[in-house]
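Written out below as structure tokens is the structure these notes cover.
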Amino acid sequence: MARILITGSADGLGQLSAASLVDQGHQVVLHARNPERARHAKQKTPRAAHVVVGDLTSIEGAQNAANEANAFGRFDAVIHNAGVYQAPAKEIFFVNIIAPYLLTCLIPKPRA
């Protein structure tokens with residue numbers, strides 16, 4: 001089965017996707033913006049492999065999430081689910097555009 005990272009998986013569609021993929025036998029690594037939401041995410045999807053923490057509103061937070069994720073080895077897929085729509089423009093830009101780009105650059109590609 002596949003190893004999959006899902007950003008923004010503490011609740012909503014990310015959490016539902018994580019639960020479904022875990023039920024199918026995949027190794028799922030969750031993502032949350034802070035330790036409190038990480039605990040919440042793990043409680044909602046207890047069979048997830050792990051939760052990485054990184055606030056995607058900053059470059060440092062995205063780097064932290066990538067570094068924690070990379071400790072698990074290569075992923076077969078990354079689902080860029082984290083997103084905001086009712087926030088200051090800078091936050092929307094970082095979370096919706098910069099963070100997915102950085103994570104894509106910082107997480108090694110799957111082996112072919």
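The values are calculated or read from the model by the stated rules, or taken from the named source; none is laboratory data. Everything quoted here is computed from the prediction, not taken from an experiment. Glycine also receives a Cβ, built like all others from the backbone with ideal geometry; neighbour counts cover every protein chain displayed.
Look through segment 77-89, keep the residues that are small (Gly, Ala, Ser), in a loop (DSSP other than H, G, I, E, B) and within 14 Å of the chain's Cα centre (by Cα), and return whichever of them is nearest to ASN34 (Cα to Cα).
Residues of segment 77-89 that are small (Gly, Ala, Ser), as a first pass: 77, 82-83, 87, 89.
From what is left, the residues that are in a loop (DSSP other than H, G, I, E, B) are 82-83, 87.
If we keep only those that are within 14 Å of the chain's Cα centre (by Cα) too, we end up with 82-83.
Details: ALA82: 13, GLY83: 15 Å.
Across segment 77-89, the extreme among qualifying residues is ALA82.
Where residues in segment 1-18 are among the aliphatic types (A, V, I, L, M) and surrounded by fewer than 24 Cβ atoms within 10 Å (Cβ to Cβ), which of them is modelled with the lowest pLDDT? First the steps, then the outcome.
Of segment 1-18, the ones among the aliphatic types (A, V, I, L, M) are 1-2, 4-6, 10, 13, 16, 18.
Add one more test, that the residue is surrounded by fewer than 24 Cβ atoms within 10 Å (Cβ to Cβ), and what stays is 1-2, 4, 13, 16.
Details: MET1: 93, ALA2: 97, ILE4: 98, LEU13: 97, LEU16: 98.
Per the criteria, the residue is MET1.
Taken over segment 28-76, the residue count meeting the criterion of being part of a helix (DSSP H, G or I), more than 11 Å from ALA10 (Cα to Cα) and of a type outside the set (S, T, N, Q) is 8. Scanning segment 4-26 for residues that are of a type in the set (Gly, Ala, Ser) and assigned to a helix (DSSP H, G or I) returns GLY12, GLY14, SER17, ALA18, ALA19, SER20. Scanning segment 90-112 for residues that are closer than 10 Å to ALA66 by Cα, part of a helix (DSSP H, G or I) and without any contact (Cβ under 8 Å) to a residue 60 or more places away in the chain yields LEU102, THR104, CYS105, LEU106.
Flag set for ILE59, criterion: touching a residue at least 12 places away in the same chain (Cβ under 8 Å), exposed (fewer than 14 other Cβ atoms within 10 Å of the Cβ) and within 23 Å of ILE97 (Cα to Cα). If you filter segment 79-112 down to residues that are of a type in the set (Ser, Thr, Tyr) and modelled with pLDDT of 95 or more, you find that the one that is nearest to VAL51 (Cα to Cα) is THR104.
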